[in-house]
Structures are given as structure tokens and as C-alpha cells.
1. Being among the aliphatic types (A, V, I, L, M) and surrounded by 18 or more Cβ atoms within 10 Å (Cβ to Cβ) is the filter here, so list the residues in region 252-275 that pass it.
2. I'd like to check something: does region 167-177 contain any residue that is farther than 30 Å from residue 263 by Cβ, surrounded by 17 or more Cβ atoms within 10 Å (Cβ to Cβ) and within 14 Å of the chain's Cα centre (by Cα)?
3. Just give me the residues in region 289-310 being modelled with pLDDT under 95 and under 16 Å from the mean Cα position of the chain (by Cα), in sequence order.
4. Does region 152-163 hold any residues that are touching a Pro at 6+ places or on another chain (Cβ under 8 Å) and assigned to a strand (DSSP E or B), and which are they?
Amino acid sequence: MHEIDYQDNQSNLNESNESNNEAFSESTNFGESSNVNDVTDAEMLGTLALESRISHNQHKKFAKFVTPKDSPIYSMTQKKRGKCVIFNHEKFEYERESRRKGTKYDEDAIKKTFSALGFEVKVYNDLKVNEIMEVITSLQNEEHDDCDCICFFVLTHGKIGDNVSAYDMTYPVQMIWQPFNSDSCISLAGKPKLFFVQACRGVASDSGIQGRSCGTDSDEMTYILPTTADFLYAYSTMEGCYSFRDTNRGSWYIQTLCKVINERWKDCDMLKMLTITLRKVATEYSSQHDELDKDRKKQMPTFTSTLTRDLYFNSKSAE
């Protein structure tokens, strides 16, 4: 079945139980294949405001940095790699026609790739907002001293303003990562914190442009890092735009990301692998549709990084 998921619901949180959401299904294809199902992760639900729900663990203020100040590469030699948490959403309480078919393929790809990197992968399916925050709070309060890093994937619908859908309502995606600022989760201070979001960020499409190529130290010292250092925020699409998912194979972005990591983790750092992923999604995929305004559309992933060093995944067996 070929479909595009998009919901338009202007109700607020208090009205979400009464809202009538509108869904439509459209055919899309990418590349040269005619047997694919590209759908968008866009959803309009009542949005949970970003408030003071994030607990702050401020009883400790002095962090132990495992990477020397002047090292150009993160130390990844702790006993454990760390947790890789997947919030995977296929079904939604009020959007019964907008199941994210094919997201299981993304979940499987992430589990395979990140388990091979040594992560302890935890999967949570179709959680409500309060359940998501319970998981986040529990992780925030854990001791991560023996871990190299932490990683999150959010696979869901989204809309403009970086609001994403839980089972029952939408919420600001910042609620996932803000609890891991260094002053709130001190055992992850100075360590990489990776966040990947597969979701729409609006309803705009990108037709692209046609062209052609032309031309051919280990000393200990005390230092201070910003509380927002060492984060990576990676999105499947630009702000305001659709993100495509094939119901038979998974999303363009997650499938490409996992394939690139599988092939290049031994010789590339994380940002290099992301750049390769961006290039492949941008150049190798486009939708095909019998309506001109939906035909041959492109997708441009993006990322924002406050990583202060190169991140390489050295060999480490899964726990």
C-alpha cells in the first residue's frame, strides 16, 4: 500500500479527545523502482508545552572528564559503550488511519547496527508522553560513569516547530535531550550524546535543482565545558519539510544512516558518516507521483553538532 501520512489538527491539548483528524493516502515512489512506498512522518496533534517537567539532578557539580582537554578524539574506552534508546511509534491513539507502516524496518536496522557497535539497545514502542518522560527521567538519574556515550532514536510523526508525536499527543522533541545537559546528568558530562529524529518537520516539499558536474595528551587538568557541549542532533529532514518513509523498506534516512555506519565505522568519525548519509539521501532518492506537485520530490537531512572532538567507534563487543 502506498501512502503519505499527514494530519491537520488545530486543537490544543485539552481538546485532543474531541478533535476530528483528517488523513489522506497518496502514492509515492523513489529512485527507479515502482514497487516502493514513500510516506511522510507528519502529524498534527495537540502539543504538550515544554515546561518544567524535566528534573534536574544538581546535587553534584564537579564532573570527571574521561577525555583529556586537548585531545582531538573522544575517549571511547569505558567498560560499556552505553545505551541506545529507540522510541518507535507506529500507532497513535487519535490517528487510527495514520499508522507509520514500515517503521519496524527502521527499528530492526538500528538494533542491528548499534548492537554491533557495542550499544545496549532498548526499544520502546508506542509510548504515551508521560511514559516517555518516565524513561528519560530514569536514564537521567542513572550513573553512566562506566559508559562511553548515550544514543537516542525518535521514530514518529512530526510537525513544524520540532514537535513530535507520542501515542497520545505531541510534545517538543527537546524534552528528550534537555535532561542530559551536563549540569543535569553529570555522569555524561564530556561524553557524546547522540539524538536522531526520523519525523517530518512541516509539510513543505523540495523539488531540487537539476545540474551537471564540472571540473575534476594524557595530563590531568581541570577545565570547564558548556552544559550544552558534546551533543549531536540529527534530523531526517530540514525544518518545515516532509520526511519520507517506504512502508515496505523503512525510511530513506534511517536505512541509509545504518548502511553507512555498517560500512564506514572503522575508518570514519560520526560527522563524516553523517555527511555521507546526507549526500546519499540528497542525491540517490526522489519520490515519484502521478500528481505534479508531489512528483520527484527530494529530502535533505540535517544535523547540528556541539561535539567538541571527533567521535570514532572503536571495536567493542556488545554487552
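1. So in region 252-275, the residues among the aliphatic types (A, V, I, L, M) come out as 254, 257, 260-261, 270-271, 273-274.
Across region 252-275, the qualifying residues are 254, 257, 260, 261, 270, 273, 274.
2. Let us first name the residues in region 167-177 that are farther than 30 Å from residue 263 by Cβ, namely 167-172, 174-175.
Those left that are additionally surrounded by 17 or more Cβ atoms within 10 Å (Cβ to Cβ): 167-171, 175.
If we keep only those that are within 14 Å of the chain's Cα centre (by Cα) too, we end up with 175.
Yes - at least one qualifying residue is present in region 167-177.
3. 299
4. Within region 152-163, 163 is the sole residue that qualifies.
This table checks each residue for (1) touching a Leu at 6+ places or on another chain (Cβ under 6 Å); (2) surrounded by fewer than 19 Cβ atoms within 10 Å (Cβ to Cβ); (3) not in a loop (DSSP other than H, G, I, E, B).
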site	(1), (2), (3)
69	no, yes, no
77	no, yes, no
86	no, no, yes
93	no, yes, no
100	no, no, no
106	yes, no, yes
114	no, no, yes
118	no, no, no
123	no, yes, yes
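The values are calculated or read from the model by the stated rules, or taken from the named source; none is laboratory data. This one's a predicted model, so the numbers in the text were calculated from it and none came from an experiment. Neighbour counts are summed over all protein chains in view; Cβ atoms, including those assigned to glycine, are modelled from backbone coordinates with ideal geometry.
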